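Undergrad: This is the structure, below, for whatever I ask next.
Every read-out reported here was derived from the displayed coordinates using simple, explicitly stated rules and does not represent laboratory data. A quick note: this is a predicted structure, and the numbers were derived from the prediction, not measured. Positions of Cβ are backbone-derived with ideal geometry, glycine not excepted, and every protein chain shown enters the neighbour counts.
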Amino acid sequence: MPSDRDYVLGTHDEELARLGLQHRVWRPVVLDCWQRAGITVGKRVLDVGAGPGYAAVDLAEIVGPTGEVVALERSRNFIRAMEAACRERSLANIKIHEIDLMTDDLPTADYDFAWCRWVVSFISDPALLIRKLARVMPKGSLSIFHEYGHYETWRFFPRLPMQERFREHVIATWRESGGEPDGAARLPELLADNGFLVRSTRPHVFSVRPNDYMWQWPATF
């Protein structure tokens, strides 16, 4: 199984903290998305690439004890963090699987929803993941993806040459590692090819100032 070092940004404690901030920044958007999709008490949700479990914990509290969250993650450090969060919140409705999305089979169950955030952009074979997901998601279920679609829009105004060079470096090294910064661009095609019906798409574009809370997120890169 690949090691934690294979993660583009690592899985160390500093990355745990950064991901926590990232989740808090995006949490209002995510909660609105889940509500519109219909995630509620008693539902079973597959969390694809759960990381340290920030979303999984929120989902577990939403679906309640009669529902279930099945979290898929390959990093032992992230899994330990997720297990600790479950203990701290006395959550018994999260089932964690230590698997590699590229090499292992996805667990089957009667899922109502799948949640996949910032995974397609980082894996080496998005088409393979979508094929696997198509095999385990029942007819009538909903799969939700949250991915980067146009990474070059991350910039300052007025433009800063140093930040422009840094962004281009990030994009180049990202692709060298096997990922794709604009991972959402291929999603509609991949989903349609595997029997999914795209019900809706929604772009999220923000223009923020240093005194905005969301500013903290890009500032951590």
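Undergrad: Which aspartates and glutamates have a Cα less than 15 Å from the Cα of LYS43, not counting those fewer than 8 places away in the same chain?
TA: The reachable aspartates and glutamates, counting only those whose Cα sits under 15 Å from LYS43, are ASP58, GLU61, GLU68, ASP110, ASP112.
Undergrad: Related question: Quick one: putting +1 on the C-beta of Lys and Arg, -1 on the C-beta of Asp and Glu, what dipole do you get for the chain around its Cα centre, in Debye to the nearest 20? Working shown, then result.
TA: Numbers: 27 positive and 30 negative charges, 105 e Å.
I would put it at about 500 debye.
Undergrad: Which value in nm describes the separation of the simple spin-label points at ALA192 and THR220, placed 7 Å from the Cα toward the beta carbon?
TA: Calculated label separation equals 3.6 nm.
Undergrad: FRET efficiency for THR103 and SER177, Cβ-Cβ distance as r, R0 = 25 Å, nearest 0.05? Please list the in-between numbers first.
TA: Details: r = 17 Å, r/R0 = 0.67.
Plugging the Cβ-Cβ distance into 1/(1 + (r/R0)^6) gives 0.90.
Undergrad: Convex hull volume of the Cα atoms in the range 75-178, per residue, in Å³?
TA: That works out to 160 Å³ per residue.
Undergrad: Where the eigenvalues come from the Cα gyration tensor of the range 1-132, what are the semi-axes √(5λ) of the equivalent ellipsoid, largest first, in whole Å?
TA: Numbers: eigenvalues 90, 62, 43 Å².
Listed largest to smallest, the semi-axes of the range 1-132 are 21, 18, 15 Å.
Undergrad: Based on the Cβ-Cβ distance of LYS95 and ARG199, what FRET efficiency does E = 1/(1 + (r/R0)^6) give at R0 = 22 Å, to the nearest 0.05?
TA: Working: r = 27 Å, r/R0 = 1.22.
That pair, LYS95 with ARG199, gives E of 0.25.
Undergrad: Still on this structure, I have one more. Quick check: Cα centre of the range 91-107 to Cα centre of the range 123-160, how many Å?
TA: 19 Å
Undergrad: Report the net charge of residues surrounding GLY195, where surrounding means a beta-carbon distance below 14 angstrom and charges are Lys +1, Arg +1, Asp -1, Glu -1. Provide the component values of the computation, followed by the final result.
TA: Numbers: positive: ARG131, LYS132, ARG135, LYS139, ARG199; negative: GLU189, ASP193.
Once all neighbours under 14 Å are counted, the net charge is +3.
Undergrad: What translational diffusion coefficient, in µm²/s and rounded to a whole number, does the Stokes-Einstein relation yield for the chain at 37 °C and a viscosity of 0.692 mPa s, taking the hydrodynamic radius as the Kirkwood radius over Cα pairs?
TA: Values: Rh = 18.3 Å.
The calculation lands on 180 µm²/s.
Undergrad: Let me ask something additional. Test of understanding: extend the Cα→C-beta vector of ARG87 to 7 Å, then name every residue of the range 34-67 with backbone N under 12 Å from that spot.
TA: none
Undergrad: So for the range 70-136, Kirkwood radius off the Cα pairs, Stokes-Einstein at 20 °C and 1.002 mPa s: how many µm² s⁻¹?
TA: 163 µm²/s
Undergrad: Here's a follow-up. Which whole-number percentage describes the relative contact order of the chain, with Cα contacts under 8 Å and a sequence gap of 6 or more? Mind dumping the intermediate values first?
TA: On the way: 302 pairs, mean separation 39.5, N = 221.
RCO, the chain: 18 percent.
Undergrad: Determine the dipole magnitude for the range 135-221: charges of +1 sit on the beta-carbon of Lys and Arg, -1 on that of Asp and Glu, nothing else is charged, the reference point is the Cα centre, and the result goes in debye to the nearest 20.
TA: Dipole about the Cα centre, nearest 20: 240 debye.
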